[in-house]
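Data first, discussion second: the structure below is written as structure tokens.
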Amino acid sequence: MAPIFATVNWTDGTLDAPGMRSLVKKLGQLKQVFSDQSAHAQMDPETVVYRVWWWEPVEAGTEGGLFWGTTEILPGKVGKEFFMTHGHQHAIRDRAEFYGTVSGEGMLVLRDENGKTWYEPMRPGSLHYIPGRVAHRTVNTGEMPFRFIASWPSDAGHDYDVIATEGLGARVIEKDGKAVFVKDGEQ
Ligand code: M6P
Ligand code: ZN
């Protein structure tokens, strides 16, 4: 087998890998995920919220393989709600994932299949194990770009339906200059 070679810059998370893929998510594509629809309507839909660069050393769907990626969420808010990823659970439900923070500050919001919602603070160096069957989303709670590395199984897939129908059961908003995790139904 030919050697598979890629490099990651551990200081800023940038990745250089063969056939690297990338995506950009703009505000216009994230209308449903933010709660303040009127604030969203007043913002430029072309505003970049986050970018992902990732490496697929094996074909998507391969059982037993792994992917590796860097995500950057820009600083910003829609109303009082901080910029965040769409959020997903894995199409193959029992697949787990690692997140490791490179720079900036954020929160990892998690929701299990029983509807229990919680979060883990993300700071440079923090490492997060996301178990299977747990939906997840990341939020930039700081004033700088927030970057983290992720590694997930190549057959995990993404299921965005849970976010569209039920959300994650909590939101991260700014209150008195601080990022606060507020469960649905709480003030
Ligand atoms: C991380 C990984 C990716 C995911 C990305 C953005 O890099 O979990 O699999 O695609 O975050 O998250 P989302 O797919 O929810 O927009
Ligand atoms: Zn995932």
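The values are calculated or read from the model by the stated rules, or taken from the named source; none is laboratory data. Only a predicted model underlies this, so the values are computations on that prediction, with no experimental measurement involved. Cβ coordinates were reconstructed from backbone atoms using ideal geometry, including for glycine residues, and neighbour counts include every protein chain displayed. The protein model used for the area step is the full one, side chains on, heavy atoms only, and it has no ligands, DNA or RNA in it. Shrake-Rupley method; radii C 1.70, N 1.55, O 1.52, S 1.80 Å.
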Cut-off 16 Å (backbone N to label point 7 Å along Cα→Cβ of V58), residues of region 133-172: 151-157
Estimated dipole of the chain in Debye, rounded to 20 [Cβ of Lys and Arg +1, of Asp and Glu -1, Cα centre]: 300 debye
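Write out the GluC sites (Glu not before Pro) in region 60-155 meeting two conditions: DSSP loop, and at most 14 other Cβ atoms within 10 Å of their Cβ.
E63, E113, E143
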Sparsely packed trypsin sites (Lys or Arg not before Pro) within region 89-182, loop by DSSP, other Cβ within 10 Å at most 10: K116
Set of lysines near K178 by C-alpha distance (under 16 Å), chain-local residues within fewer than 8 positions excluded: K77, K80
Contour excess over end-to-end distance, with Cα ends at K26 and E174 and 0.36 nm allotted per residue: 51.2 nm
Calculated FRET efficiency for the pair H86/R133, C-beta based, R₀ 22 Å, to 0.05: 0.75
Förster-model FRET efficiency, 45 Å R0, S38 and I4, C-beta, rounded to 0.05: 0.40
Projected-area average for the chain over all orientations - Cα convex hull basis, square nanometres: 10.9 nm²
Estimated FRET transfer efficiency (F98, T47; beta-carbon r; R0 25 Å; 0.05): 0.30
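Normalised by the number of residues in the chain, what is the relative contact order in percent for Cα pairs under 8 Å and 6+ residues apart?
It rounds to 23 percent for the chain.
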Accessible area per residue, Å², the chain with all protein chains present, probe 1.4 Å: 53 Å²
